[in-house]
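The values are calculated or read from the model by the stated rules, or taken from the named source; none is laboratory data. Fair warning: this is a prediction, and the values are worked out from it, not measured in the lab. With ideal geometry, Cβ positions are generated from the backbone for all residues, glycine too; neighbour counts draw on all protein chains shown.
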């Protein structure tokens, strides 16, 4: 009766490492062509917003949320209380 050699931990680690290296190479090859396609110009001109730009965006977004909420509340109020007057 022959007993097979149990898998050595280094063998499985080497297989996992080669698989992860393959995934990494594939990802890097896709990332290299990222700025060259049809979205390249957008990616080149994109930047992190300054503090002032971020504040303005937050103000406009907050104002929009409040405005939509007020319109929703007005519709709810009209649909709830106005029909009782007729």
Identify, by number, the condition in (1) surrounded by fewer than 10 Cβ atoms within 10 Å (Cβ to Cβ); (2) modelled with pLDDT under 75 that residue 28 doesn't meet.
(2)
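Is it fair to say residue 67 is in contact with a helix residue (DSSP H, G or I) (Cβ under 9 Å, 6 or more places away or on another chain) and without any contact (Cβ under 8 Å) to a residue 60 or more places away in the chain?
Taking the combined requirement at face value, the residue does not satisfy it.
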